[in-house]
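K.L.:
Would you mind keeping the following structure in view while I ask a few things?
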Amino acid sequence: MRLYYIFLLATLSLSAQNKYPQDYFRSPLDLPVHPSGTFGELRTNHFHAGLDYRTNQKTGYPVFAAADGYVSRIKVSTYGYGVALYIDHPNGYTTLYGHLKKYGPKIEEYVRQKQYEKKSFEIELFPKPGELPVTQGETVAFSGNTGGSGGPHLHFEYRDTKTEMIINPLLFGLNKKMKDTKVPKIYSLLVYPVSDDAVADGSKTPMLVNLHPQKDGTYLADKIVARGKIGFGVNATDSSTGSSGNNGIYKAETFFNGSPHFSCEFNTFAFSESRYVNAYIDYERYYRTGQRCQRLFVKTPYPLSLLQHNSSNGQYEVKPGETQNYRIEVSDYHGNKAIVNGSIQYSDAPASVAEPKHITPYYVKVGNDNNYTKGGVSVFVPAGAFYDDFYMDFDVKDSVLYLHHPTVPVHSYVQVSFDVSHLSKEELGKTFIAGYAGKRFNYNSSYMEDGRLTAKVKTMGEFKLAKDTTAPRIFGLTFKEGAWLSSVDSIGCKISDDLSGIATYDAFINGKWALMHYEYKTQTLSHHFSDGIVGEGRNELKVVVTDNVGNSTTFETHFFRTQNTNPVEDDKK
């Protein structure tokens with residue numbers, strides 16, 4: 001049975017790498033594949049869904065269609081993937097290109113026309129099949145740094161067109177274009193007492209296990225003395241040849257006495273599974289230290305298809321009279337492997353480090369709806385909002401809701417409601433439910449329901465009513481009022497809001513709506529003269545910015561521009 005299980009895992013891994021076309025698609029960039037982000041990499045509240053191409057800290061590289069097909073979706077967003085493009089291919093796959101600077105000429109013209117029709121920079125379009133056909137190698141976009149990007153790069157994905165499952169790009173042959181001889185790094189190993197009676201190295205709480213490098217490149221771990229059911233966790237990263245940064249690993253496995261107990265392999269997953277990254281990692285440790293330790297066992301089962309484990313959920317029960325061996329393997333896609341070997345000896349010695357007991361009147365059961373009310377504040381916790389049952393801190397003092405602590409991750413949402421009967425209609429219009437940490441407020445979209453102001457929040461912590469009566473700022477204009485702008489190709493300004501945040505922004509040139517590109521990372525609005533709506537001579541500009549509770553600011557100015565081929569050089573006036 002043990003040999004069959006090993007064979008089965010090996011077969012599944014091999015078949016996953018061979019079921020996808022290897023030479024059908026081309027690389028979307030004519031640059032070496034030195035990823036700054038890998039598939040499945042552990043990110044805030046999600047697994048990374050693609051491969052991030054380094055672009056030498058520059059924008060503007062041509063992005064090519066990976067294969068023949070048609071543009072099936074276009075999304076321009078301030079956040080997320082920013083300027084993004086989706087192409088459906090006839091073999092049943094979709095490729096996605098994200099954080100773009102702009103689209104290729106024919107797509108850019110199509111998008112610009114739709115943006116003006118809808119009078120919106122942010123837009124989502126679904127062209128009909130054949131409306132925007134592309135051929136393999138056609139320039140469909142240019143690389144950028146838009147949306148939630150942390151620097152210039154191209155985010156590239158493969159998806160199953162029908163199921164929308166996300167698939168590791170290296171499975172489609174990109175691994176051949178990527179050199180990797182570097183072994184993953186294991187920074188730390190933790191042993192977790194899982195069952196109520198478990199003790200590991202004298203502790204009822206997770207303990208670090210010392211690792212000693214060996215001449216053959218493996219690690220030897222200090223012997224663990226334990227009893228009851230235990231599990232392991234690793235903090236590990238990987239990098240490839242030509243890349244200096246730390247990326248995510250491809251696979252992590254545990255073996256007890258040579259038998260596989262747990263495996264996490266990043267081949268494919270659904271978007272609906274992505275937030276389960278918070279169940280997969282030791283979230284409390286991550287919150288306190290910034291380290292994402294991957295737990296190679298399951299305590300409370302959760303539906304993440306990336307995981308394969310035996311009937312014990314990857315846990316191992318240490319029984320009297322036993323000294324057992326274990327092995328942990330961390331691999332990258334190219335087969336480079338870091339290995340930890342160790343042993344576990346049974347001990348019935350009592351724990352010298354006890355698990356802190358935290359008991360409150362508010363016990364949250366994951367499978368049930370839970371309601372709590374105090375001091376004019378109500379909290380509704382729907383079934384499935386959390387990953388584990390726990391005793392929750394809940395209190396209301398001086399109109400502040402104290403809702404446990406951010407060390408406990410929220411999977412779906414928790415609904416928070418405040419009594420606002422004491423507020424006037426005018427005050428209520430400027431009020432929202434704010435996450436509150438020190439002097440910093442975080443806006444939560446708030447709405448009236450059953451006579452109460454309500455918000456659905458995805459973090460635990462402190463909450464209170466906040467009022468925003470300050471309008472947004474418009475500043476940093478890129479030209480002086482009345483200047484001639486014949487020799488520049490765009491105009492811009494900066495916008496900001498200190499409390500509830502920017503909701504809408506509009507610009508008008510000579511009374512006509514003008515498209516403004518918004519980049520939240522630099523707080524910049526910009527208009528490109530290539531849109532062709534600027535008139536000859538004097539032009540009147542008006543910019544209107546509104547925050548999330550309706551405070552609005554209007555800024556008006558004027559400039560001059562000529563379309564003549566030999567304009568008067570008067571830009572300094």
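Each reported figure results from applying straightforward, stated rules to the coordinates on display, with no laboratory input. From a predicted model like this one, the values you see are computed outputs, not experimental measurements. Here Cβ is always computed from backbone atoms with ideal geometry, including for glycine, and neighbour counts include all displayed protein chains.
K.L.:
Can you list the lysines whose alpha carbon is less than 25 Å from that of residue 215, not counting same-chain residues fewer than 8 positions off?
P.N.:
Residue 215 reaches 179, 182, 185, 223, 251, 337.
K.L.:
Report, by chain and number, residues whose modeled amide H sits under 5 Å from the one on residue 514, excluding near sequence neighbours (fewer than 5 apart, same chain).
P.N.:
507, 508, 509
K.L.:
Please work out how much length the chain gains when fully extended from residue 322 to residue 30, using 0.36 nm per residue of separation minus the C-alpha to C-alpha distance, in nm with one decimal.
P.N.:
On the way: separation 292, 0.36 × 292 = 105.12 nm, distance 5.67 nm.
Stretched out fully, the residue 322 to residue 30 stretch lengthens by 99.5 nm.
K.L.:
Would you mind checking the pairs 75/458; 430/494; 177/299; 374/439; 114/177 and listing those with alpha carbons more than 28 angstrom apart?
P.N.:
Working: 75/458 25 Å; 430/494 23 Å; 177/299 39 Å; 374/439 24 Å; 114/177 37 Å.
In this structure, 177/299; 114/177 exceed 28 Å between Cα atoms.
K.L.:
So how strong a dipole does the chain carry about its Cα centre when Lys and Arg Cβ are +1 and Asp and Glu Cβ are -1, to the nearest 20 debye? Write down the numbers at each step before the final one.
P.N.:
On the way: 61 positive and 61 negative charges, 125 e Å.
That gives a dipole near 600 debye.
K.L.:
For the ranges 31-41, 298-308, what's the packing order if you count other beta-carbon atoms within 10 Å of each residue, average per peptide, and put the highest first?
P.N.:
Details: 31-41: 21.8, 298-308: 15.5.
Ranking the peptides 31-41, 298-308 by packing returns 31-41, 298-308.
K.L.:
If I take R0 = 25 Å and measure r between the Cβ atoms of residue 353 and residue 311 in this structure, what FRET efficiency does the formula 1/(1 + (r/R0)^6) give, to the nearest 0.05?
P.N.:
Rounded to the nearest 0.05, the efficiency is 0.25.
K.L.:
Roughly how many nanometres apart are two label points built 7 Å out from the Cα toward the Cβ at residue 210 and residue 393?
P.N.:
Placing both labels 7 Å beyond Cα along the Cβ direction yields 3.5 nm.
K.L.:
Follow-up. For the chain, what is the mean residue ellipticity at 222 nm derived from helices alone (per DSSP H run of n ≥ 4: -39500 (n - 2.57); sum divided by total residues; nearest 500 deg cm²/dmol)?
P.N.:
Numbers: 5 runs with 47 residues, N = 573.
After summing the helix terms and dividing by the residues of the chain, the value is -2500 deg cm²/dmol.
K.L.:
What are the ³J(HN,Hα) couplings of region 92-107, residue after residue, when phi is run through the Karplus curve with 6.51, -1.76, 1.60 and θ = phi - 60°? Round to Hz, x for glycine and proline.
P.N.:
x, 10, 10, 10, 10, 10, x, 6, 6, 6, 6, 8, x, x, 5, 6
K.L.:
I need the peptides 432-441, 69-78 ranked by packing, meaning the mean over residues of other C-beta atoms within 10 angstrom, with the highest value on top. The partial results should precede the final answer.
P.N.:
Values: 432-441: 16.0, 69-78: 20.4.
Top to bottom by mean Cβ count within 10 Å: 69-78, 432-441.
K.L.:
To the nearest 0.05, what FRET efficiency results for residue 116 and residue 383 with a Förster distance of 45 Å applied to their C-beta separation?
P.N.:
Details: r = 45 Å, r/R0 = 1.01.
Between residue 116 and residue 383 the formula returns 0.50.
K.L.:
Largest first, please: the extent of the C-alpha atoms of region 15-177 along each principal axis, to the nearest Å.
P.N.:
47, 33, 30
K.L.:
How many percent of the alpha carbon pairs in region 185-346 exceed a separation of 27 Å? Intermediate values should be presented prior to the final figure.
P.N.:
On the way: 2615 of 13041 pairs.
Result: 20 percent of Cα pairs exceed 27 Å.
K.L.:
With labels modelled as points extended 7 Å from the Cα through the Cβ direction, what inter-label distance (nm, one decimal) is found for residue 79 paired with residue 218?
P.N.:
Those two pseudo-labels are separated by 4.7 nm.
K.L.:
Once Lys and Arg get +1 and Asp and Glu get -1 on their Cβ, which of 447, 420, 461 lies farthest toward the positive end of the dipole of region 417-467?
P.N.:
So the residue we want is 461.
K.L.:
When the Debye formula is applied to the Cα atoms of the chain, each taken as the same point scatterer, what base-10 log of I(q)/I(0) results at q = 0.05, 0.08, 0.13 Å⁻¹?
P.N.:
Here log10 of I(q) over I(0) equals -0.28, -0.70, -1.38.
K.L.:
What's the FRET efficiency of residue 503 with residue 287 using the Cβ-Cβ distance as r and R₀ = 25 Å, to the nearest 0.05? Walk me through the numbers on the way to the answer.
P.N.:
Working: r = 30 Å, r/R0 = 1.19.
It comes to 0.25.
K.L.:
Still on this model: Once the piece of chain linking residue 197 and residue 123 is laid out straight, how much longer is it, given 0.36 nm per residue of separation minus the C-alpha distance between them?
P.N.:
Working: separation 74, 0.36 × 74 = 26.64 nm, distance 5.53 nm.
Roughly 21.1 nm would be gained on extension.
K.L.:
Here's a follow-up. Between region 186-232 and region 429-508, what is the separation of their alpha carbon centroids in Å?
P.N.:
The distance from the Cα centre of region 186-232 to that of region 429-508 comes to 48 Å.
K.L.:
Taking 7 Å along the Cα-to-C-beta vector as the label spot, tell me the residue 246-residue 562 distance in nanometres, rounded to one decimal.
P.N.:
That separation, rounded to one decimal, is 6.0 nm.
K.L.:
At 0.36 nm per residue, minus the direct Cα-Cα distance, what do residue 164 and residue 369 gain on full extension? Give it in nm, one decimal, please. Intermediate values should be presented prior to the final figure.
P.N.:
Values: separation 205, 0.36 × 205 = 73.80 nm, distance 3.05 nm.
Value of the extension gain: 70.7 nm.
K.L.:
Hey, another quick one. Say the dipole of the chain comes from +1 at the beta carbon of Lys and Arg and -1 at that of Asp and Glu; which of 342, 149, 493 then lies farthest toward its positive end?
P.N.:
My answer, from the dipole projection, is 342.
K.L.:
Tell me which aspartates and glutamates have Cα within less than 14 Å of residue 118's Cα, excluding those fewer than 8 residues away on the same chain?
P.N.:
Straight-line reach from residue 118, under 14 Å: 506.
K.L.:
Which pairs, out of 106/176; 162/456; 119/542, put more than 23 Å between their alpha-carbon atoms?
P.N.:
On the way: 106/176 32 Å; 162/456 31 Å; 119/542 15 Å.
Too far apart for the 23 Å limit: 106/176; 162/456.
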